[in-house]
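Have a look at the structure below before the remarks.
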Amino acid sequence: PYDAQKLVAVPPPEGGVLLFCRNLLFYCAQGAYVAAATNKYAFAGPAKEPKTKLPDPVKGAPNHVLTVMNARNASNTVIPEVVPQLAAKAQLAPGLSVDLDRAHAAFVDSHLALVALATGQLLQLQLISDKQRVRKLEIAPSGACSIPSCMFPLGQQLMFLGSALGDSVLLRLRPASKAAKAAAVSYTHLTLP
């Protein structure tokens, strides 16, 4: 898709990659692909007619006139998703409306990733698979952190979230209790020296 911005490798046994777009998250591996929508803008809408018709520019360099006319046409059209069959299959989690622009992700284990958004919100991304391949992506809110500029796992229980603002954190991850329904992992902020 035209707004693809990040690739994150998926660890074995699943393998493949996660492709982050602003409104969609794709999992791709050897002929298998799954998508998850993160907000309503992931789905193409109808083209809109302009409310008022502006006169075409008549003065100026020919290249400038052409650029202005093309920009006006583009502003009145909703660009369809480059891979519409994938966007059509994408499911939007109830109550989820997040923007993946400048998001960071790191895998906690082979099926579970922690995603840190530019707003400081944390999400859990779970790859649901059968014995052959990944069939679904489940995304759930998981708390908040500082605004990250990088993210890196340190073993299976620690996650470093670096921040250009000077409030980096080290998270200790642990499996959630069976009573905690909404989260697959919980975390504790550790103080950095």
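Identify, please: which residue in the range 116-134 is out of contact with any Leu (no Cβ under 9 Å at 6 or more places or on another chain) and outside any loop (DSSP other than H, G, I, E, B) and is, among those, farthest from Gly95 (Cα to Cα)? Within the range 116-134, the match that is farthest from Gly95 (Cα to Cα) is Ser129. Residues in the range 149-186 that are in a loop (DSSP other than H, G, I, E, B), at pLDDT 80 or above and either under 21 Å from the mean Cα position of the chain (by Cα) or among the charged types (D, E, K, R) (or both): 4 in all. Does at least one position in the range 109-121 carry a residue that is crowded, with 20+ Cβ neighbours inside 10 Å, of a type outside the set (Ser, Thr, Tyr), more than 16 Å from the chain's Cα centre (by Cα) and over 19 Å from Asn23 (Cβ atoms)? No, because not a single residue in the range 109-121 is crowded, with 20+ Cβ neighbours inside 10 Å, of a type outside the set (Ser, Thr, Tyr), more than 16 Å from the chain's Cα centre (by Cα) and over 19 Å from Asn23 (Cβ atoms).
Among the residues of the range 1-47, how many are aromatic (Phe, Trp, Tyr), surrounded by fewer than 21 Cβ atoms within 10 Å (Cβ to Cβ) and part of a strand (DSSP E or B)? Show your work before the answer.
Within the range 1-47, the subset aromatic (Phe, Trp, Tyr) is 2, 20, 26-27, 33, 41, 43.
Then drop every residue that is not surrounded by fewer than 21 Cβ atoms within 10 Å (Cβ to Cβ), which leaves 2, 33, 41, 43.
Filter once more, keeping what is part of a strand (DSSP E or B): 33.
Summing the residues that are aromatic (Phe, Trp, Tyr), surrounded by fewer than 21 Cβ atoms within 10 Å (Cβ to Cβ) and part of a strand (DSSP E or B) in the range 1-47 gives 1.
Being within 20 Å of the chain's Cα centre (by Cα), modelled with pLDDT of 70 or more, open to solvent by 70 Å² or more (accessible area, probe 1.4 Å) and among the basic types (Lys, Arg) is a description that does not apply to Arg133.
Give the range 135-151 a look and list any residue that's farther than 21 Å from Gln91 by Cβ and among the acidic types (Asp, Glu), or say none. Once the filter is applied, which keeps residues that are farther than 21 Å from Gln91 by Cβ and among the acidic types (Asp, Glu), the range 135-151 yields nothing.
The values are calculated or read from the model by the stated rules, or taken from the named source; none is laboratory data. None of these values were measured; they are calculated from a predicted model. For neighbour counting, all protein chains shown are included, and Cβ atoms are generated from backbone atoms with ideal geometry for every residue, glycine included. Ligands, DNA and RNA are stripped out before the accessible areas are found, and what is left, the full protein with its side chains, is counted by its heavy atoms. Shrake-Rupley method; radii C 1.70, N 1.55, O 1.52, S 1.80 Å.
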